[in-house]
Amino acid sequence: MKALIYTGIKENVVDIVEKPKPAPKEGQVLIKMSASALNHRDEWMRVGKYPNMEPNVTLGSDGCGIIEALGPGVDKNLEGRNVIINPNNGWGPDLRAQSVDYNILGMPLDGTFAEFIVVNQDRVHFKPEHLNDEEAAALPLGGLTAYRACFTHGVIKEGQNVLITGIGGGVALFALQFCLAQGARVYVSSSNEKKLKIAINMGAKAGFNYTDPDWPKSAINSTGGFDVIIDSAGGNAINNYIKVSKPGGIIVFYGSTTGLCEGVDLFRMFWSQVRLQGSTMGNDQEFAAMVKFVETYNIKPVVDSVRPFADIISSFDEMKQGTQMGKLVVKF
Ligand SMILES: NC(=O)c1ccc[n+]([C@@H]2O[C@H](COP(=O)([O-])OP(=O)(O)OC[C@H]3O[C@@H](n4cnc5c(N)ncnc54)[C@H](OP(=O)(O)O)[C@@H]3O)[C@@H](O)[C@H]2O)c1
C-alpha cells in the first residue's frame, strides 16, 4: 500500500513509499481509508519541530474509511461500517489532563496518510450521516481540540462575547461553528480580509485584522470586551488578549504558532482577574460528546479543498503558507 512517511532524511523528510498492508491483531480493525485531512501537527513534523520523531512512521491523525477486516475478538457488526478515527491514544483516567503515555495517532503509531490503517476497535466511531467522507475525515483532531477549548475550559454559554483568533485555521473554524451553535456572540480575527468576510457570512458578528496594531482598541470600542478568547498563535499577542478580555475573562490557547510571549502583562492580568488556560486535544468522553454535538447541530467541517493522495506533499506547502480557509483533505 502507499503511505506518506517521515523519512528523517533532510532532502526528502516526508515521502510517499510502498509499505506492507497491515493485518489487524486481537481487538483491532483494518480500515480502508477513503479520505484523510492535514493538521498543522503534520507540518511541525516535516520541519522537525515535534518531539520524539521516529523515521518510517506513517503520518496523519485524521481520517475516514470503511472497516475491511476484523482481528480476533472484534464486534462482528463493525465489518463494512464507514467510520472516523479518534486520534487519542492512552489519555488515561484523569479527565483534566492526559497521562504520560498519551500519544496522538500518526507518531509514534502509524497514522492515516496511507491506503490502510489498523487501529484498536475502541478508536472508531461511526461516520456522522450528514457528512460526506471528505468532511468526516476533517473532523476528528480539529473538532476535538476546539470542543475541549470552547466547552471544557472556556465553558462558553449563550449570549457571551467570544473572540476566536486566526479564523483561517482548521481548529479556529470548528470553534466558530461550535460557539455559534451554542448561541454565543462570536467575533473573529484574521490577517486576511477575505477570511473575515467568510466568517461573518458564517455568522460571526464582526472581524478584526490582527495585523492592524489598533485592532484591540476597535475591538473594545465595538464589543465591550470578551468573556472568552480562543487562540492558537500565542506569542506577544497574549498581552492584547489580556487587554481585550472582560474582567474575569478567560483566554484559552491550544497552540503557540508565533512562539513565546516575551513578557506577560501580569499587572493587568491579576487586576482584571483574567485567566490564561492551556488546552490540548481532549479525552475520549469529549471526543464522543464532540461527535454528538456535530450531529445534533448538523455542523459540517469547513473543507478548503480536496486533492488526490498523490499530491499530499504540496498540501504541506499550502498549509505552511496559511492561505487556506479550513481543512486540506486528501482522497484515496
Ligand atoms: N494542542 C493541540 O491539541 C493542538 C491541536 C490542533 C492544533 N494545534 C496548534 O494550533 C495551531 C493551529 O493549528 P491548525 O491546525 O488550526 O492550523 P492551520 O489550519 O494551519 O491554521 C493556522 C492559522 O493560524 C492563524 N495565525 C497565524 N498567525 C497568527 C497570529 N499571529 N495571530 C492569530 N492567528 C494567527 C492563521 O489565521 P489567518 O489565516 O486567519 O490569519 C492561520 O490560518 C498550530 O500551532 C497547531 O500546532 C494544537
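Quick note: the coordinates plus some simple rules give every number you see, no bench work behind them. Fair warning: this is a prediction, and the values are worked out from it, not measured in the lab. Note that we place each Cβ from the backbone using ideal geometry, even for glycine, and neighbour counts take in every protein chain shown.
Given R₀ = 30 Å, FRET efficiency for ALA181-ASN209 by Cβ-Cβ distance, to 0.05?
Once the sixth-power term is evaluated, E becomes 0.70.
With a cut-off of 19 Å, note down the residues of the range 300-332 whose backbone N falls inside the zone around a label point 7 Å from the Cα of SER191 toward its beta carbon.
What the label zone holds, given the 19 Å backbone N cut-off, is 304, 315-328.
How much mean residue ellipticity at 222 nm does the chain get from its helices, if each DSSP H run of length 4 or more adds -39500 (n - 2.57) and you divide by all residues, to the nearest 500 deg cm²/dmol? Don't skip to the answer; put the middle values down first.
On the way: 10 runs with 88 residues, N = 332.
About -7500 deg cm²/dmol.
Let me make sure I get this right: for the chain, a, b and c are the square roots of the gyration tensor eigenvalues over alpha carbons, sorted descending. Under 1.5 in a/c it's rounded, otherwise prolate if a/b > b/c, else oblate. Which is it?
Details: a/c = 1.87, a/b = 1.67, b/c = 1.12.
Taking the square roots of the gyration eigenvalues as a ≥ b ≥ c, the chain is prolate.
Before anything else, pin down the relative contact order of the range 47-151: Cα pairs under 8 Å, at least 6 apart, normalised by residue count, whole percent. Could you put the intermediate results ahead of the total?
Numbers: 146 pairs, mean separation 35.8, N = 105.
Relative contact order, the range 47-151: 34 percent.
Using the count of nearby Cβ atoms within 10 Å as a rough guide to exposure, how do SER36, SER61, SER314, SER190 rank from fewest to most?
SER314, SER190, SER61, SER36
Taking R0 as 41 Å, what FRET efficiency do you get between ASN12 and LYS292 from their Cβ-Cβ distance, rounded to the nearest 0.05?
0.50
Can you give the FRET efficiency to the nearest 0.05 for VAL47 and GLU79, using r as the Cβ-Cβ distance and R₀ = 51 Å?
It comes to 0.80.
With +1 on the Cβ of every Lys and Arg and -1 on the Cβ of every Asp and Glu, and nothing else charged, how large is the dipole of the chain about its Cα centre, in debye rounded to the nearest 20?
For this selection, approximately 720 debye.
Within the range 11-58, report the GluC sites (Glu not before Pro) that DSSP leaves as loop and that have at most 12 other Cβ atoms within 10 Å.
Within the range 11-58, the qualifying GluC sites (Glu not before Pro) (loop, at most 12 other Cβ atoms within 10 Å) are GLU26.
Divide, for the range 38-124, the radius of gyration over alpha carbons by 2.2 N^0.38 Å, where N is the residue count.
1.17
Taking the Cα atoms only, what angle lies between the long axis of helix 193-202 and the longest principal axis of the chain, rounded to 10 degrees?
80
Please give every one of the lysines within straight-line cross-link reach of LYS21, meaning a C-alpha to C-alpha distance under 28 Å, and leave out same-chain neighbours fewer than 8 residues apart.
Qualifying lysines at Cα under 28 Å: LYS2, LYS10, LYS32, LYS76, LYS127, LYS327, LYS331.
Say the dipole of the chain comes from +1 at the beta carbon of Lys and Arg and -1 at that of Asp and Glu; which of GLY282, TYR297, PRO51 then lies farthest toward its positive end?
The residue sitting farthest along the positive end of the dipole is TYR297.
Which whole-number percent gives the relative contact order of the range 144-278, counting Cα pairs below 8 Å spaced six or more residues apart?
This gives 22 percent for the range 144-278.
Can you sort VAL291, VAL100, VAL47 so the residue with the fewest Cβ neighbours within 10 Å comes first? Mind showing how you got there, number by number?
Details: VAL291 22, VAL100 6, VAL47 10.
Fewest-to-most ranking of VAL291, VAL100, VAL47: VAL100, VAL47, VAL291.
For helix 170-181, report the angle its Cα long axis makes with the longest principal axis of the Cα atoms of the chain; keep it between 0 and 90° and round to the nearest 10°.
The angle comes out at about 70 degrees.
So if I take the centroid of the Cα atoms in the range 137-196 and the same for the range 302-332, what is the distance between those two points in Å?
20
Going by average Cβ density within 10 Å per residue, which order do the peptides 284-290, 80-86 take, highest to lowest? All intermediate terms of the calculation are to be shown ahead of the outcome.
Details: 284-290: 18.3, 80-86: 20.7.
Per-residue Cβ counts within 10 Å, averaged per peptide and sorted highest first, yield 80-86, 284-290.
Give, in nm to one decimal, the length gained when the segment between SER305 and SER218 is fully stretched (0.36 nm per residue of separation minus the Cα-Cα distance). Could you put the intermediate results ahead of the total?
Values: separation 87, 0.36 × 87 = 31.32 nm, distance 3.30 nm.
Between SER305 and SER218, full extension yields 28.0 nm more.
Once you keep just the Cα pairs under 8 angstrom separated by 6 or more residues, what percentage relative contact order results for the chain?
Values: 763 pairs, mean separation 59.5, N = 332.
Averaging sequence separation for qualifying contacts and normalising by length gives 18 percent for the chain.
At what distance in nm do the modelled label points of LYS25 and SER99 sit from each other, each positioned 7 Å from its Cα along Cα→Cβ?
Here the modelled spin labels are 1.7 nm apart.
Starting from the exponent 0.38 and prefactor 2.2 Å, build the expected Rg for the range 144-278 from its residue count and divide its actual Cα Rg by it.
0.93
Considering only DSSP beta bridges whose two residues both sit in the chain, what percent are antiparallel, to the nearest 5?
On the way: 32 of 57 bridges.
DSSP beta bridges in the chain are roughly 55 percent antiparallel.
Kindly express, to the nearest 10 degrees and within the range 0 to 90, the angle between helix 284-296's C-alpha long axis and the longest C-alpha principal axis of the chain.
80
Can you compute the charge dipole magnitude of the range 56-121 about its Cα centre, using +1 on each Lys and Arg Cβ and -1 on each Asp and Glu Cβ, nothing else charged? Give it in debye, rounded to the nearest 20.
The dipole magnitude comes to about 140 debye.
Can you tell me the equivalent ellipsoid semi-axes for the range 208-332? Use √(5λ) from the Cα gyration tensor, largest first, whole Å.
32, 20, 15
Given LEU109, LEU4, GLY154, which one lies farthest toward the positive end of the charge dipole of the range 1-159, if we put +1 on the Cβ of every Lys and Arg and -1 on the Cβ of every Asp and Glu?
The one lying farthest along the dipole's positive direction is GLY154.
Can you list the lysines whose alpha carbon is less than 26 Å from that of LYS217, not counting same-chain residues fewer than 8 positions off?
Within the straight-line limit of under 26 Å, LYS217 reaches these lysines: LYS157, LYS194, LYS195, LYS197, LYS205, LYS243, LYS246.
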